[in-house]
Amino acid sequence: DYVVVKMIPDNRLPPRHLHSVHTGKTFAVIKWESPYDSPDQDMLYAVAVKDLVRKTDKIYKVKTRNSTVEYTIKKLEPGGKYHVIVQLGNMSKESSMKINTVPLSAPDALKIITENDHILLFWKSLALKESNFNESRGYEIHMFDSLMNMTAYLGNTTENFFKVSNLKIGHNYSFTVQARCLYSGQMCGEPATLLYDELGTGEDSSASKTGRSTDVAAIVVPVLFLLLVTLGIGFVVLYMRHRRLQNSFTAFANSHYSSRLGSAIFSSGDDLGDEDDEAPMITGFSDDVPMVIA
């Protein structure tokens, strides 16, 4: 025996498994499931988006029969904070979550130029890579003194440079430049950071390493070149001396070579003298000449 039981759908239940799929700078993709499986009719959802920074609300309506619903919330602000509530249109129980959008990127190519009594910070316009950034918003600059362990707000500007004065000798500073924060510092861009050493060279760590490696290469390469040239000259001198000695020895040996004996004849140093130079060389005795001994 068996019995078929059909459950009555409860439209007072909240949507299930509400979560964020992807979050960008100006949008967020959220996803949830229906209060019960396999709805047999279209279901109307109310998606309320509360801006926690601006203190404003927006409500969107979504009508679908799918068990799994994916919805994209648009026209959000970079670096914003939002509270999202999803419920059925009959104001049933709700599901909620919080979303933080991606902030604006940090300015590129932050550099320092050192002047006599001040420095100048330079960077590329953020509008070149951020379509959501308006130059009228401007940038704000902060400075951290590592010796004093203190951060100071230097000001803001709509230009792509900023002048910093009254720096103390022997102090190390870190400068940050970012899109100006809105609504009491709650919506800011990502900061670009640059280290400024106590010598006032004003360069980041990567630039310092590159500069130092370039200086070392400028010294090492000429020294190695001079060593190679010196070694080459030394080899040439040794080779020439070897050739000169070899030629001298060959000429000396040829001058003392006897074609009759087939060998070179050398005399000892004791037999050398002015008188012996004119004397004929005795090469031997013939067998038919008698030897007379007195």
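Based on what the data block shows, is N132 open to solvent by 50 Å² or more (accessible area, probe 1.4 Å) and without any contact (Cβ under 8 Å) to a residue 40 or more places away in the chain?
So N132 fails the test.
State yes or no: is H171 farther than 30 Å from N100 by Cβ and surrounded by 13 or more Cβ atoms within 10 Å (Cβ to Cβ)?
In short, yes.
Among the numbered criteria (1) without any contact (Cβ under 8 Å) to a residue 40 or more places away in the chain; (2) out of contact with any strand residue (DSSP E or B) (no Cβ under 8 Å at 6 or more places or on another chain), which one does S92 miss?
(1)
Scan the stretch 28-82 residue by residue and report those that are open to solvent by 70 Å² or more (accessible area, probe 1.4 Å) and part of a loop (DSSP other than H, G, I, E, B).
Of everything in the stretch 28-82, those that are open to solvent by 70 Å² or more (accessible area, probe 1.4 Å) and part of a loop (DSSP other than H, G, I, E, B) turn out to be D37, S38, D40, Q41, D42, R54, K55, R65, N66, K74, K75.
From the residues in the stretch 91-106 that are surrounded by 16 or more Cβ atoms within 10 Å (Cβ to Cβ) and touching a Gly at 6+ places or on another chain (Cβ under 8 Å), which one is farthest from K25 (Cα to Cα)?
Here the answer is A106.
With the checklist (1) in contact with a His (Cβ under 7 Å, 6 or more places away or on another chain); (2) surrounded by 14 or more Cβ atoms within 10 Å (Cβ to Cβ) in hand, flag the one item T151 doesn't pass.
The one condition T151 does not meet is (2).
The values are calculated or read from the model by the stated rules, or taken from the named source; none is laboratory data. Predicted model only: the values in this text are computed from it and were never measured. Don't worry about glycine lacking a Cβ; one is built from the backbone with ideal geometry, like all the others, and counts go over all protein chains shown. Side chains are part of the model used for accessible areas, which takes the heavy atoms of the whole protein and leaves out ligands, DNA and RNA. Shrake-Rupley method; radii C 1.70, N 1.55, O 1.52, S 1.80 Å.
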